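These notes are about the structure you will find just below.
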There are 2 protein chains.
Amino acid sequence: MIQSVGYAANHSFTGLKRHEFEREDPRPNEVLIDILYCGVCHSDIHQVKNDWGNTVYPCMPGHEIVGRVAQVGSDVSKHQVGDVVGVGCMIDSCRTCEPCRTGDENYCEGPNSWLATYNGPMVPSKKSPDGENHYGRDNTFGGYSINIVVPEDFVLKVPANLPVEKVAPILCAGVTTYSPMKHWGLKAGQKVGIVGFGGLGDMAAKLAKAMGAEVVLFTETEEKLSEAARLGVQAVYSKDKDQMESQANTCDFILSTIPEPTDLEPFIPVLKRDASLVIVGALDKLKPFNNMEMAMHRKSVGGSLIGSIRETQEVLDFCAEHGITPDVEMIGMDDINDAHKRVNDREVRFRYVIDMASLKTEEA
Amino acid sequence: MIQSVGYAANHSFTGLKRHEFEREDPRPNEVLIDILYCGVCHSDIHQVKNDWGNTVYPCMPGHEIVGRVAQVGSDVSKHQVGDVVGVGCMIDSCRTCEPCRTGDENYCEGPNSWLATYNGPMVPSKKSPDGENHYGRDNTFGGYSINIVVPEDFVLKVPANLPVEKVAPILCAGVTTYSPMKHWGLKAGQKVGIVGFGGLGDMAAKLAKAMGAEVVLFTETEEKLSEAARLGVQAVYSKDKDQMESQANTCDFILSTIPEPTDLEPFIPVLKRDASLVIVGALDKLKPFNNMEMAMHRKSVGGSLIGSIRETQEVLDFCAEHGITPDVEMIGMDDINDAHKRVNDREVRFRYVIDMASLKTEEA
């Protein structure tokens, strides 16, 4: 067993606290990673607060992990001790269902779906068809910790020219926005609308721009309008009806990154005919919207969930190629409860990253 | 001017009454049609009751029209006096916007959109960008009447081997379900779910079956389950949770034909990964549904509106080729108020068709 320590929540209503525990030794196909940095994703907050009703406690979040390989199992061939690597939202999948075989592990249809980096399998035993948990792990502890053990196939290579302290958010915020833009076929010269300008919106805008798309950001936070200018993209204050109307029928694709149910109704007219609005932020009941506008121009609303391992590597390489890095603010591990609050209050610009050097093995 | 008579509503709260009026003589590109039959569509009832807030009174519904050409304008080349022809939901479009030029007139983006067979342009002058009505017609009177004048390009040819008294519903119910099944690429061997088993559901099931798809009908009306067996398709009582669960993850496409907002939530799990549920029945605020299931399997919900003129001719020819006819019940013009009530009460199996011979030029 490997000694570890991290920050975990024991209940939905308490904050995160120091939590000592042990990780299993790497199996032959697994890699032990010493964590250098971990991003703070809005879903960490949802999960800690049990907003989706599926949280297993203690809950140790963190699925935007960058670290250094410390040890490899006997069968590992893809990674070597000392490599700088990343881990995103998944650490395993069933590997036999059709989506897994075609490289869409994030849509794994195995009995437990994919194994999340924290909080265990997406379909826990009590909800799985045979009542089993085929991963043999009821809970998994994420990247708010000093180390992690992950099967090599779910470990990403971090390109050498990316600044290691800024890479983490690419592993969730990056791939979550990259995957639907690729899947829905966004092309250079097309216009994409990004709803919400937080950690995901920041990455979505940068990625779309690098893909050659024209970008318009929609935000409810007026102070963020000037930040959009800094990215060189158009920005619209979505509470202003006239500004919204000026965007009617202009977007080939819209990505909604807001992490809670949003009123989609103002954004559907912004889509061109036959175009889609895809929601990646909210995993909740949507606010009701009218089918009249959808039907009149054959529009669609869809959902997308993170991205595959192949896409995660692709987006890392794409960022390296185009010099894209997330806007991050570095925090220490013991700032985490304050950081969660500030994310909720929309005060972060745009992603907190925990410097894991701040977490010592022995309590001070 | 041409003497005409039909049934129209003067208010949202009164029934339809005999209404004498005059139609303009056919212009050079227009055709005068003596109406033989007209289908009763659920949207006729919505429009009469002003459910969409856009009804112009007097409101004379009817957009499933079959008749015989009585007179042709000097430039008409596609139709001859004596031809049996059809008219669907549109009688004109702007003819210059991109959708019109590519044969998608039902998505016309002209200043007034398309000209509806009844109730005038889809975008009336007060809502059009320039405050004009470029069709020069504020209201149009539909097929609940003895004749109609229509530009030849919006007049369909009725194949000789289709029984003329049953053709009418193909012109709206038929093309409204045919168009999205073609657009979303339904293929032989795939499975399609049809939600709602009324006039549209009847046509959708027959068309999908003829396309080689496996069909499952979802109905809330238990008595209709045996009717589905008659069509040779599977049927599910959608209020039965076990029956619904047995359909999970089986459909490549779902068409919701229910003419009012439906709870879509039970049907999203029925879709396979990456599949779409398309709503053709309801033009209202949708009931809220959860994005969790959509995102987990990258599903979409879309809208579709009737079909193009090309598709309307295609579906008529397809029905002729495959021997498909709607299930109709013939009524007289003076049965119309009772018929509207029965449609609302889900008592029709499956489409009323008005025999226009029942409407005399002079009142009895």
Chain B: relative contact order in percent, alpha carbon pairs under 8 Å with at least 6 residues between:
18
Find the relative contact order for the range B:174-303 and round it to a whole percent, using C-alpha pairs within less than 8 Å whose residues are 6+ positions apart.
21
Among A:Lys127/B:Lys239; B:Lys49/B:Lys272; B:Lys126/B:Lys341, the pairs whose Cα-Cα distance exceeds 26 Å are B:Lys49/B:Lys272; B:Lys126/B:Lys341
Estimated distance in nm for a label pair at A:Asp75 and A:Val164, the labels positioned 7 Å out from Cα along Cα-to-Cβ
2.9
Report, in deg cm²/dmol and to the nearest 500, the calculated mean residue ellipticity at 222 nm for chain A, where each DSSP H run with n ≥ 4 adds -39500 (n - 2.57) and the sum is divided by the residue count.
-5500 deg cm²/dmol
Counting DSSP beta bridges with both partners in the protein assembly as shown, what percentage is antiparallel, nearest 5?
60
Taking loop as defined by DSSP and a crowding limit of 15 other beta carbons within 10 Å, which trypsin sites (Lys or Arg not before Pro) in the range B:1-91 fit?
B:Lys78
Any chance you could tell me what percent of the C-alpha pair distances in the protein assembly as shown go past 35 Å?
50
Using a 7 Å offset from Cα along the direction of the beta-carbon, what are the separations from B:Lys241 to the same position in each other copy, nm, ascending?
4.3
Among B:Gly62, B:Ile331, B:Ala168, which residue has its Cα positioned farthest towards the positive end of the charge dipole of the protein assembly as shown, with +1 placed on the Cβ of Lys and Arg, -1 on the Cβ of Asp and Glu, and the dipole taken about the Cα centre?
B:Ala168
Pairwise Cα inverse-distance average, inverted: Kirkwood Rh of the range A:173-303 (Å):
14.3
Using +1 at the C-beta of Lys and Arg and -1 at the C-beta of Asp and Glu, which of A:Val123, A:Val72, A:Asn133 has the Cα lying farthest in the positive direction of the dipole of the range A:42-179?
A:Val72
How big is the dipole moment of chain A about its Cα centre under a simple scheme where the beta carbon of each Lys and Arg is +1, that of each Asp and Glu is -1, and everything else is neutral? Debye, nearest 20, please.
740
Just going by the charge dipole of the range A:173-303, with Lys and Arg at +1 and Asp and Glu at -1 on Cβ, which of A:Leu271, A:Tyr178, A:Leu225 is farthest out on the positive end?
A:Tyr178
Hey, how much of the P(r) for the range A:160-247 falls beyond 15 Å, as a percent of Cα pairs?
59
For chain B, what are the per-bin percents of Cα-Cα distances with bins 20 Å wide, up to the bin holding the maximum?
30, 58, 11, 0
So the label point sits 7 Å from Cα along the Cα-to-Cβ vector; using that for A:Thr14, what distances do you get to the other copies, in nanometres, sorted shortest first?
7.3
Neighbour net charge for B:Glu311 - beta-carbon separation under 13 angstrom, K R +1, D E -1:
-1
Provide an ascending nm list, one decimal, of label-point separations from A:Glu265 to the equivalent residue in each further copy; define each label point as 7 Å from Cα along Cα→Cβ.
2.0
Mean Cβ neighbour count within 10 Å, used as a protection proxy, ranking B:189-202, B:246-259, B:117-130 highest first
B:189-202, B:246-259, B:117-130
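Any read-out appearing in this document is the output of simple, stated calculations on the displayed coordinates, not a laboratory observation. In this text, all values refer to a predicted model and were calculated from it rather than measured experimentally. So basically every Cβ, Gly included, is an ideal-geometry build from the backbone, and we count neighbours across all protein chains shown.
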